[in-house]
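The values are calculated or read from the model by the stated rules, or taken from the named source; none is laboratory data. This one's a predicted model, so the numbers in the text were calculated from it and none came from an experiment. Note that we place each Cβ from the backbone using ideal geometry, even for glycine, and neighbour counts take in every protein chain shown.
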Amino acid sequence: MFKVFIISVFLYVYLTILLRLFGKKEFSQLNVFDFVVFLVIAEITTMSLESQELSVIESVIATITLIVLDRVESFITMRSKKLRDFFEGRPCYIIYKGKIQYQNMKKLRYSIDDLCHHLRVSDIDSVSKVDFAVLETNGSLSVITKQDSQTHLPDALISDGTINEEALQLLNKDVSWLKNELKKKHISHIEDVLYCILEKNGLYVIKK
């Protein structure tokens, strides 16, 4: 009994420290890879407590391996948008410029009842008041009303030096147009831009 107590205390302290390695990210913001890591860590910890098949030392080695893999995944995805989209998924428009994107809803199996529920949670009583509604990768719905909307598209055209070509296509713009607009702001290199979005009064740019 005392052995179980000591092991439980050790695992509690160990897992608390281990989970701190995930950083300040909220649980609602975890991507699929992070979520899988949490599930496997929980299963490994349970096995080490309930059976003799997995020792505490083996569980520590296994969980450290998972955390290292998670850190490697985070490091790689921070430097590759394609891999980031693969691991974390991509946000999807449910309402775009005031129009419901029914085909997107069908692909996501997202019903009109789901949409109305999320709008009510955001204190919005009608779809007619919404300019943009984006289903985020964590399942939450981000809503921008027509009254509050200040952008032509609530997606960054440039994020950390990388052009969002899909956003440009939605705006019927191309890379040449974007570069010309940046030159007007005396910016010659895309890599120098941390954040860029098209507001209704022009480009809003933050340099690195």
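Of note, Leu119 satisfies the criterion of being modelled with pLDDT of 90 or more and in a helix (DSSP H, G or I).
Of the residues making up segment 162-208, those that are of a type in the set (A, V, I, L, M, F, W, C) and under 17 Å from Phe132 (Cβ atoms) are Ala167, Leu168, Leu170, Leu171, Ile197, Leu198.
What are the residue pairs meeting all of these: first residue in segment 132-143, first residue under 14 Å from Asn104 (Cα atoms), second residue among the hydroxyl-bearing types (Ser, Thr, Tyr) and surrounded by 18 or more Cβ atoms within 10 Å (Cβ to Cβ), Cβ atoms under 6 Å, and 6 or more apart or on different chains? Going by the 6 Å Cβ cut-off, the qualifying pairs are Val134/Tyr93.
Filtering segment 171-191 for residues that are crowded, with 17+ Cβ neighbours inside 10 Å, within 25 Å of the chain's Cα centre (by Cα) and under 30 Å from Asp113 (Cα atoms) leaves an empty set.
Among the criteria (1) modelled with pLDDT under 90; (2) of a type outside the set (Lys, Arg); (3) assigned by TED's automatic domain parsing to the domain that holds Ile100, the one Thr162 does not fulfil is (3).
Tell me which residues, restricted to segment 99-116, are exposed (fewer than 15 other Cβ atoms within 10 Å of the Cβ) and not in a strand (DSSP E or B). First the steps, then the outcome.
Narrowing segment 99-116 to residues exposed (fewer than 15 other Cβ atoms within 10 Å of the Cβ): 99, 102-103, 106-109, 111-113, 116.
Result: Tyr102, Gln103, Lys106, Lys107, Leu108, Arg109, Ser111, Ile112, Asp113, Cys116.
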